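Remarks on the structure that follows.
The values are calculated or read from the model by the stated rules, or taken from the named source; none is laboratory data. What you see is a predicted model, and the numbers here were worked out from it, not measured in a lab. Cβ placement follows ideal geometry from the backbone for every residue including glycine, while neighbour counts extend to all protein chains displayed.
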């Protein structure tokens, strides 16, 4: 295991800082603070642009490889995460509206509000078979372990789990065999097979037991099967190999609200780490010491 320090790559420009009244989401999650943004859900598109969601103010940003920021979507909502679907649509999990398709700068269509109704959606990822996996955390915790995990496939919604203490980040292994879910309020990462039983819930195990901070937030896998974990309110991220052994402990030089991680698809050893406290996007190259 090695300890590394990430470096700042880019940060939200001052011109894009929200300066008005905090949104209801901001007041609920960070009462008393003037929150100019809260960045989540980093991912790269096919052109190596980085995308981020700004939950409290309904924005989705695109950052070019040269570091230029553009507001692509700005809706009356609370998009916790957005991904570009295999068919090119912009699909988002929105805390306020549910599973939605972003159809324009300010327009969206609701795909599903849940059956039963969603608690408040949190994160999402696509598997290699185009199945959409997403989490529904609401305000669940150890005292109310009712967070959910869903799969959306072939226009059908399936409830996979309903017992998670704040289901949050989610990732699928590169061989499409395993789903990893951040159980934030238990400070754990859970793991289960993508091959679900015909009825009922899959067998689930604790893949990682973490400590400190608030717990794991965003998760990401690379082509090597490594799993990156953003440890919320700890200013750090961890990278594990497929056996669950720690490869790297990565610290941020500034900011503690580590929310999201993603690997560069052009370089599986380069990790992007997002801090929501200062709206910074950090990068870290992990030495390939295992080859």
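Brief remarks on what is shown
- Taking segment 86-137 and the strands (runs of 3 or more DSSP E) fully enclosed by it, the elements with 2 or more residues that are out of contact with any helix residue (DSSP H, G or I) (no Cβ under 6 Å at 6 or more places or on another chain) and crowded, with 20+ Cβ neighbours inside 10 Å are at 90-94, 98-102, 121-126, 132-136.
- Matching option when the condition is over 18 Å from the mean Cα position of the chain (by Cα) and touching a residue at least 60 places away in the same chain (Cβ under 8 Å), among 266, 224: 266
- Residue, modelled with the lowest pLDDT, within segment 30-42, restricted to residues that are over 22 Å from residue 261 (Cα atoms) and either touching a helix residue (DSSP H, G or I) at 6+ places or on another chain (Cβ under 9 Å) or assigned to a helix (DSSP H, G or I) (or both): 33
- Subset tally (residues that are in contact with a helix residue (DSSP H, G or I) (Cβ under 9 Å, 6 or more places away or on another chain) and either within 16 Å of residue 280 (Cβ to Cβ) or buried (at least 16 other Cβ atoms within 10 Å of the Cβ) (or both)) for segment 1-29: 6
- Within segment 169-186, tally of residues that are without any contact (Cβ under 8 Å) to a residue 60 or more places away in the chain, under 13 Å from the mean Cα position of the chain (by Cα) and more than 14 Å from residue 209 (Cα to Cα): 3
- Of all the criteria given as (1) part of a strand (DSSP E or B); (2) modelled with pLDDT under 95, the one not satisfied by residue 25 is (1).
- Count - residues of segment 239-291 that are in a strand (DSSP E or B) and surrounded by fewer than 19 Cβ atoms within 10 Å (Cβ to Cβ): 10
- Filtering segment 63-85 for residues that are out of contact with any strand residue (DSSP E or B) (no Cβ under 8 Å at 6 or more places or on another chain), surrounded by fewer than 17 Cβ atoms within 10 Å (Cβ to Cβ) and touching a residue at least 24 places away in the same chain (Cβ under 8 Å) leaves a non-empty set.
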